[in-house]
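Student: A single structure is presented below for examination.
The numbers here are math on the coordinates, done by the rules we state, and not lab data. In this text, all values refer to a predicted model and were calculated from it rather than measured experimentally. Note that we place each Cβ from the backbone using ideal geometry, even for glycine, and neighbour counts take in every protein chain shown.
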Amino acid sequence: EVQLVESGGGLVQPGRSMKLSCAASGFTFSNYGMAWVRQAPTKGLEWVATISYDGSSTYYRDSVKGRFTISRDNAKSTLYLQMNSLRSEDTATYYCTRDLTTEGIGWFAYWGQGTLVTVSS
Amino acid sequence: DIQMTQSPTSLAASVGESVTITCLASEDIYGSLVWYQQKPGKSPQLLIYGATILEDGIPSRFSGSGSDTQYSLKINSLQPEDFASYYCQNGLSTPYTFGAGTKLELK
């Protein structure tokens, strides 16, 4: 059974940093692209970043480019999101997702339970 | 960026009815359209990918159609567990973009 378990969320002040982790199990982690998708309270879904199966390619939405870094450790089956210079508009539940196939297509087949990041002073 | 315009924003229906949700892409996404269902307090769940392909384990009352820029999700014979929010997503290229969502409520 595919499992994605996020951790690392919480309350953080504007301008500070936070690192999210996502522990994956139940599949061969190194075969799949992964992504972070967020959802602000009572709002819709917003793609944040994607990383290829081997970590060689990364993609970001414009609003986080230069502030967030997606990475992975295939030996540990873990996905990360380093978030710097956090803003109030980054407040959201962050979901770790796995692509449906190994083809690198952005179809998000599996989702973690989410971790809430609140940016506030 | 590809914009995804989803309608309606909300929809009220009764158990047993059929409903259709539509999604319009700002440019051709060549069938790379995904539908998700999200229940309150839960993570989204993949329903349909490639515009028409039903994910394993999803009931056959859900179906997707469309091509180019116009797509739709149809739910036949609504069941109590279907009342939730639904999102479409451009899966063609980054930035992957979602529709604003449709909240399906019990009439």
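Student: Does the stretch B:15-41 hold any residues that are of a type outside the set (A, V, I, L, M, F, W, C) and within 11 Å of chain A (Cβ to nearest Cβ), and which are they?
Tutor: Across the stretch B:15-41, the qualifying residues are B:Ser32, B:Tyr36, B:Gln38, B:Pro40, B:Gly41.
Residues checked against (1) of a type in the set (Phe, Trp, Tyr); (2) under 16 Å from A:Phe29 (Cβ atoms); (3) in contact (Cβ under 8 Å) with a residue 24 or more places away in the chain:
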| residue | (1), (2), (3) |
| --- | --- |
| A:Ser63 | no, no, yes |
| A:Arg67 | no, no, no |
| A:Arg72 | no, yes, yes |
| A:Leu79 | no, yes, yes |
| A:Gln82 | no, no, yes |
| A:Cys96 | no, yes, yes |
| A:Asp99 | no, yes, yes |
| A:Gly104 | no, yes, yes |
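Student: Hey, could you check the stretch A:70-121 for residues that are of a type in the set (Asp, Glu) and out of contact with any Phe, Trp or Tyr (no Cβ under 7 Å at 6 or more places or on another chain) and say which is nearest to the other protein chains (Cβ to nearest Cβ)? Step through it out loud before you land on a result.
Tutor: Narrowing the stretch A:70-121 to residues of a type in the set (Asp, Glu): A:73, A:89-90, A:99, A:103.
From what is left, the residues that are out of contact with any Phe, Trp or Tyr (no Cβ under 7 Å at 6 or more places or on another chain) are A:73, A:89-90, A:103.
On the way: A:Asp73: 23, A:Glu89: 16, A:Asp90: 16, A:Glu103: 11 Å.
Applying the filter and picking the extreme gives A:Glu103.
Student: Of everything in the stretch B:10-44, what is under 21 Å from A:Glu103 (Cβ atoms) and over 10 Å from the mean Cα position of the chain (by Cα)? Give them in sequence order.
Tutor: B:Ala25, B:Asp28, B:Ile29, B:Tyr30, B:Gly31, B:Ser32, B:Pro44, listed by residue number.
Student: Follow-up. Can you tell me which residue in the stretch A:47-70 is surrounded by the fewest Cβ atoms within 10 Å (Cβ to Cβ), limited to those that are closer than 22 Å to A:Val119 by Cβ and more than 11 Å from the chain's Cα centre (by Cα)?
Tutor: Only one residue tops the list, namely A:Asp62.
Student: A follow-up question, please. How about the stretch B:52-63: which of its residues are in contact with a strand residue (DSSP E or B) (Cβ under 8 Å, 6 or more places away or on another chain) and more than 11 Å from chain A (Cβ to nearest Cβ)?
Tutor: B:Thr52, B:Leu54, B:Ile58, B:Ser60, B:Arg61, B:Phe62, B:Ser63 - these are the residues of the stretch B:52-63 that are in contact with a strand residue (DSSP E or B) (Cβ under 8 Å, 6 or more places away or on another chain) and more than 11 Å from chain A (Cβ to nearest Cβ).
Student: Look through the stretch B:64-97, keep the residues that are crowded, with 17+ Cβ neighbours inside 10 Å, part of a strand (DSSP E or B) and small (Gly, Ala, Ser), and return whichever of them is farthest from the other protein chains (Cβ to nearest Cβ).
Tutor: B:Ser72
Student: Okay, next question. Collect the residues in the stretch A:73-112 that are charged (D, E, K, R) and over 13 Å from the mean Cα position of the chain (by Cα), keeping them in residue-number order. Write out each step before concluding.
Tutor: Applying the first criterion (charged (D, E, K, R)) to the stretch A:73-112 yields A:73, A:76, A:87, A:89-90, A:98-99, A:103.
Once the filter is applied, which keeps residues that are charged (D, E, K, R) and over 13 Å from the mean Cα position of the chain (by Cα), the stretch A:73-112 yields A:Asp73, A:Lys76, A:Arg87, A:Glu89, A:Glu103.
Student: Which of the residues that make up the stretch A:25-67 are more than 8 Å from chain B (Cβ to nearest Cβ), in a loop (DSSP other than H, G, I, E, B) and among the basic types (Lys, Arg)?
Tutor: A:Lys43, A:Lys65, A:Arg67, listed by residue number.
Student: If you go through the stretch B:17-25 one residue at a time, do you hit one that is in contact (Cβ under 8 Å) with a residue 40 or more places away in the chain, surrounded by 13 or more Cβ atoms within 10 Å (Cβ to Cβ) and under 25 Å from A:Val64 (Cα atoms)?
Tutor: Within the stretch B:17-25 (the criterion being in contact (Cβ under 8 Å) with a residue 40 or more places away in the chain, surrounded by 13 or more Cβ atoms within 10 Å (Cβ to Cβ) and under 25 Å from A:Val64 (Cα atoms)), the answer is yes, since at least one residue qualifies.
Student: Related question: Determine if the stretch B:45-67 includes at least one residue that is more than 20 Å from A:Ile105 (Cα to Cα), within 10 Å of the chain's Cα centre (by Cα) and small (Gly, Ala, Ser).
Tutor: Of the stretch B:45-67, the ones more than 20 Å from A:Ile105 (Cα to Cα) are B:57-63.
Add one more test, that the residue is within 10 Å of the chain's Cα centre (by Cα), and what stays is B:62-63.
Within this subset, residues satisfying the condition of being small (Gly, Ala, Ser) are B:63.
Yes, the stretch B:45-67 contains a residue that is more than 20 Å from A:Ile105 (Cα to Cα), within 10 Å of the chain's Cα centre (by Cα) and small (Gly, Ala, Ser).
Per-residue answers, yes or no, for (1) aromatic (Phe, Trp, Tyr); (2) surrounded by fewer than 14 Cβ atoms within 10 Å (Cβ to Cβ):
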residue	(1), (2)
A:Arg72	no, no
A:Tyr80	yes, no
A:Ser85	no, yes
A:Ala92	no, no
A:Trp111	yes, no
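Student: Next question, about the same structure. Looking at the stretch B:75-107, which of its residues are closer than 15 Å to B:Thr22 by Cβ and of a type in the set (A, V, I, L, M, F, W, C)?
Tutor: B:Ile75, B:Cys88, B:Phe98, B:Ala100, B:Leu104
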